[in-house]
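*Asks:* Have a look at this one.
None of the figures in this text is laboratory data; all of them are computed from the coordinates on show. It should be emphasised that the depicted structure is a prediction, and the values quoted were computed from it without experimental measurement. A quick note on method: Cβ atoms are made from the backbone with ideal geometry, for glycine too, and the neighbour counts reach across all protein chains shown.
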Amino acid sequence: MRITLRLGIFVATVLMLGAAAGTFAQAPGHRSTPGTPGMQMEEKKEGPASEESHGGMEMPDPMERPIPDDGVPRATETKGGQPLPFKLVNRVKVFELTAKPVKWLILPKFKSLPEIWATTWSYNGQIPGPMIRVTQGDRIRVILKNELPDPTSIHWHGVRVPNNMDGVAEPAITQQPVKPGETFTYEFTAKDAGTFFYHSHVETDRQIPAGLSGSFIVEPRRPGTRVGLDYTVMLQEWRVKPETGKTWPAMPAMSEPNFFTLNGKAFPATETLEVKKGQRVRIRFIGAGQFAHPMHLHGFPFKIVATDGFPVPEAARLTKDTVNVAPGERYDIEFVAEEEGTWIMHCHVLHHVTNDDLEPGGLILAIKVSG
Ligand SMILES: [Cu+2]
């Protein structure tokens, strides 16, 4: 409580200083006028200690509550992580993300299981959220609309952004949470090339496992190594009751996940990558969930060419066949597909290659190499 109060004072002080400097009216982030950056300083002065937040004396246990599923429609999109189109406005790439609940098919009928429709919180009705793909040096504006029942925000994970664009809304350090029905505009320049992602920064242990994340890829200004296939894959876990689709945020110990997805699908519904013999393949792993996944590739050793978006110098590149992708981490690996055949890549925590304890499932994908 004391920490929360101090934070409240800190935030109020920051707000007052900002107001004194007269910077907030023009600063990016205003939520009432989509497309016009500006801060939310008209909002309440206290910190995160509202009755519903974790700062109160009565701390609700979020693990007890499934994601509300009343009236949640099935997604109309069938594929997650699709490249997000943008509008070019005065040389700014403008993207729109709408946070909203959808039921997401993570697995069609499999063995004794029915179709598994998880109740998710999505961006634009996709799990994972759409891929934002830009070029180093681009000016980017992302308009977030909140159609969730709860407040939310977006944090740009690993991306160097101005402090007031960092999305930390719980605790409310860099912005106030974006309430249901409101919008908030993020704007920044993509300084670094690499593999990043975006995710909610409100009630994170509930909202991120509910689905609120997506990839953020920045291409280098000067193109690097040419590859035949550049595949981004987000690793996530779910706790879903197969019969009802009731979905709980999956946390260690409290409620073990029973489904595991690569780009929103559990094997055998995961994608099969198709490449030609001799092609160079880059796979960008993003640990979007709460568990570490040692991803193992059959058939080919690979090099780790980037960690958390930063390139690894040639001489320091490890040759591996397994890379442990922990929560929040990114690894870019590259290999040459030099042998024909269908090779698999999978998590080596073997519970993670099951669907509700039935094998084979979860974090497996196939790479088909043809001549
Ligand atoms: Cu795993």
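*Asks:* If you take just the strands (runs of 3 or more DSSP E) that sit entirely in the range 126-188, which of them hold at least 1 residues that are surrounded by 20 or more Cβ atoms within 10 Å (Cβ to Cβ), touching a Phe, Trp or Tyr at 6+ places or on another chain (Cβ under 6 Å) and of a type in the set (A, V, I, L, M)? So that I can check it myself, show each step before the final result.
*Replies:* Details: elements: 129-135, 139-146, 155-157.
The qualifying strands (runs of 3 or more DSSP E) are 129-135, 139-146.
*Asks:* Can you work out which of the residues in the range 334-357 that are within 16 Å of the ligand (Cβ to nearest atom) and assigned to a strand (DSSP E or B) is surrounded by the fewest Cβ atoms within 10 Å (Cβ to Cβ)?
*Replies:* The extreme case among them is 344.
*Asks:* Something else about it: Please give the number of the condition residue 315 fails out of (1) over 21 Å from residue 159 (Cα atoms); (2) out of contact with any Asp or Glu (no Cβ under 6 Å at 6 or more places or on another chain); (3) in contact (Cβ under 8 Å) with a residue 12 or more places away in the chain.
*Replies:* (3)
*Asks:* Let me ask something else. Can you name the condition, by its number, that residue 290 falls short on among (1) among the polar types (S, T, N, Q); (2) over 19 Å from the mean Cα position of the chain (by Cα); (3) closer than 30 Å to residue 156 by Cα?
*Replies:* (2)
*Asks:* I'd like to check which strands (runs of 3 or more DSSP E) are fully inside the range 271-325 and have at least 2 residues that are within 16 Å of the ligand (Cβ to nearest atom).
*Replies:* Once the strands (runs of 3 or more DSSP E) in the range 271-325 are filtered for at least 2 residues that are within 16 Å of the ligand (Cβ to nearest atom), what remains is 280-287, 293-297, 322-325.
*Asks:* Test each condition in (1) away from the ligand (no atom under 16 Å from the Cβ); (2) in contact with a helix residue (DSSP H, G or I) (Cβ under 9 Å, 6 or more places away or on another chain) for residue 267 and report the one that comes out false.
*Replies:* (1)
*Asks:* Hey, among the residues in the range 151-172 that are of a type in the set (A, V, I, L, M) and touching a Pro at 6+ places or on another chain (Cβ under 9 Å), which one's farthest from residue 207 (Cα to Cα)?
*Replies:* The qualifying residue farthest from residue 207 (Cα to Cα) is 165.
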